[in-house]
Amino acid sequence: MKKFFLALTIYFISINSLFALIKVDITRGNLDPLPIAVSPLHVDIQSVELKDIKVKELGNNISSIIEKNFKSTGLFNPLKKEAFVQKPDIAHLKPRFEDWRLIKAQALVTGKLLVKDGKLKVEFRLWDLTAAKEMTALAFTTTPSNWRRVAHIISDKIYERLTGERGYFDTRIIYVSESGPKSERVKKLAIMDQDGANTKYLTLGNELVLTPRFNPTNQMITYLSYFRNMPRVYLLDIETGRQEVVGNFPGMTFAPRFSPDGKKIIMSFAEDGNSDIYTMDLETRVVERITNHSSIDTSPSFSPDGKYIAFNSDRSGLQQLYVMRSDGSNVKRITFGKGIYGTPVWSPRGDLIAFTKMRKGRFYIGVMRTDGSGERLLTENYYQEAPSWSPNGRVLVFYRETKAGSKGEGFSATLWSIDITGYNERKLMTKTDASDPSWSSLLSK
Amino acid sequence: MTFNKNLKNILLVVFATLILSACSTAKKSGDIEGDVYTGKETVKYLASGVPDRVFFATNKSSLTTASRATLRKQATFLRKNKKLNVTIEGHADERGTREYNLALGERRANAAKDYLMTYGISGKRITTISYGKEKPVNPASSTLAWSQNRRSVTVKVN
């Protein structure tokens, strides 16, 4: 699994940001996505064939993944290849800008690759067709089996250049895979690339598992497992498969998340029926009690600077959202709207809290400022909850359940994503039913 | 629904059917009182006359009069069977967030445990576990199913 980390040598060929005319505004729903042509990467004829990878098709396959990534943002409109006006190798050297403009493209991605000596060398360029300029270019070398990640890294670089925001394509999503009838669901931890590829199952389904969350700094997961019928928070290293129970609590621990520096776990511990919030330092193993209240305190989430904690409590009678300092002082209720609120999750940008809202039998995913003002409901459904942020704070992934019939038939659980603008709601394709998604940080930083 | 099999008088049968169906609808809604399930459909028994579960109102863990009566029967049963230990499973319906429901199930299980303890059952004989919304007894998405799923169930462990 070590090779998972790219042996990545990146060097900039040139950056020409002056005089660039195209820029994608992602601060509002984009009703006019940018037309972009993604040329297949030219495969160098000196490339050698490999057993498990079709090298001749690699250029096409990489550009298809880039197109799919762009399409999924709702911000770009990848143009059909039939209309392309130049061969990949020639376009990569020097596009005929006026011809590409004729097919209404505003940006063009070109590239080439070489597979030789067990290495994959890739370079790509992004062209501003309106200004007739190269906007960015990059070349790197990695192992051929990493070719999908190459496509995601190129996607991230282009997204960053065109939007001014970090990308989120070279990422993974961990979730709970579900199967079986509704009253006897089998649940396994599963992980996949952000685009649904490379699904792997991390547990066998022998015990109930819930709410996996990524460490924002490495490849660790924290989740709730009913191993030996004792619901406890666990740590799992997805590189080594090693797992351990977190702390030595005499009752249920649940609702775990990592602190932004990845060094602590924050979670609820239920003692004599009452749930309060605790942290445990993963190095020193020191446990700290953060809340001490006779109400249910759960779903804690740190602010990205680690100074504050948002959480869910029913101390006012019904579930509402609260924010406090990370030592538990200065508790402030932030939701006063009609309805009840759960699952507050602090944006990695620090400016917003995503949440689940329940009102009159309907469920909403929304965002609000960290003081509770500016509530915006993004999507309404029969049942949905548990938003998780893309690492750039632009997209939320969450899960939805359908209404079941009298025998539980018609029930499904699926993953969805939506931009924080409220636009571009999309179903994520998973191999099984799925719930409790958590988005990783960028794998290459 | 059982129909009167005496078909000698058709008018009487029609009349009886009308009454029966009226009764049956009334009974359905009568199975939920103020949001709490009061029926017997899903109930199992620890012993004859000792129901294994009690039901709760939405988002609540307080025990109703009927629930307390059930738990007193469980306490009597446990006093008679001194070597028996139990686990109380707390459950929630599917209409809440997963994590809150885990906490709520825990609170419900402990509400039942605490009540048994006030009737002299040692806390050492009772463990609790919350399953939140993970193990519905009725998988339907209906008011009736949700009321049946908001429950704590006392299970023998030995």
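Since every read-out is calculated from the coordinates, none of them should be taken as a lab result. Since the model is a prediction, treat every value here as computed from it, not as a measurement. Ideal geometry is used to build each Cβ from the backbone, glycine not excepted, and the neighbour counts take in all protein chains shown.
Numbers at a glance
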quantity	calculated
Per-residue HN-Hα couplings for region A:72-83 [Karplus 6.51, -1.76, 1.60; θ = phi - 60°; Hz; x = Gly/Pro]	5, 6, x, 9, 10, 10, x, 7, 5, 5, 4, 8
Candidate lysines - alpha carbon under 21 Å from residue A:263, same-chain residues fewer than 8 apart omitted	A:307, A:445
Beta bridges by DSSP in the protein assembly as shown, antiparallel share as percent, to the nearest 5	90
Cα-based shape type of region A:172-439, given that a ≥ b ≥ c are square roots of the gyration tensor eigenvalues and the cut on a/c is 1.5	rounded
Residue B:122 versus residue A:318: modelled label distance in nm, points set 7 Å from Cα along the beta carbon direction	4.4
Highest-fluctuation residue, A:318, A:378, A:58 considered, GNM on chain A with Cα pairs under 10 Å	A:318
Chain A: calculated mean residue ellipticity at 222 nm from DSSP helix runs of at least 4, using -39500 (n - 2.57)	-3500 deg cm²/dmol
Within a Gaussian network of chain A (alpha carbon springs, distance under 10 Å), most fluctuating of A:135, A:230, A:280	A:230
Centre separation in Å (Cα based) which lies between region A:129-168 and region A:208-224	28
All aspartates and glutamates inside 15 Å of residue B:73 as judged from Cα atoms, apart from same-chain residues fewer than 8 positions distant	B:52, B:114
Between region A:398-438 and region A:366-390, the Cα center-to-center distance that results, in Å	15
Residue among A:385, A:67, A:271 with the largest mean-square fluctuation in a Gaussian network model of chain A, springs linking Cα atoms under 10 Å	A:271
Relative contact order of region A:205-245, defined on C-alpha pairs under 8 angstrom at six or more residues apart (%)	30
Region A:153-228, relative contact order [Cα under 8 Å, separation at least 6], %	21
Simple label model, 7 Å out from Cα along Cβ direction - residue B:80 to residue A:371, nm	6.4
Helix A:147-163 axis, angle to chain A major axis (alpha carbon atoms, nearest 10°)	90
Length gained when the stretch residue A:271-residue A:102 is fully extended (0.36 nm per residue, less Cα-Cα span)	54.0 nm
For the protein assembly as shown, size of Cβ-based charge dipole, Lys and Arg +1, Asp and Glu -1, in debye	1720
Proximal charge balance of residue B:146 [Cβ under 10 Å; K/R count +1, D/E count -1]	0
Euclidean distance between Cα centres, region A:285-316 to region A:53-79, Å	42
Nearby aspartates and glutamates by direct alpha-carbon distance to residue A:338 (threshold 16 angstrom, same-chain neighbours under 8 apart not counted)	A:314, A:375, A:380
In order through region A:389-404: 3J(HN,Hα) via Karplus (6.51 cos²θ - 1.76 cosθ + 1.60), integer Hz, x for Gly, Pro	7, 5, x, 8, x, 10, 10, 10, 10, 8, 10, 10, 10, 8, 5, 9
Surrounding net charge for residue A:172, when Lys and Arg each add one and Asp and Glu each subtract one, Cβ distance under 13 Å	0
Greater than 22 Å apart at Cα, pairs in B:113/B:156; A:187/B:124; A:56/A:112; A:200/B:133	A:187/B:124; A:200/B:133
Theoretical gain in end-to-end length, residue A:283 to residue A:23 [0.36 nm per residue, Cα-Cα removed]	89.2 nm
Label-point gap, in nm, between residue A:293 and residue A:117 - each point 7 angstrom along Cα→Cβ	6.2
J(HN,Hα) series, region A:59-69, from Karplus relation 6.51 cos²θ - 1.76 cosθ + 1.60, nearest Hz, glycine and proline x	x, 5, 5, 5, 5, 5, 5, 4, 4, 5, 4
Mean separation of Cα contacts under 8 Å, 6 or more apart, over the residue count of chain A: relative contact order %	11
Computed E for residue A:51/residue A:402 - FRET, C-beta separation, R0 51 angstrom, nearest 0.05	0.75
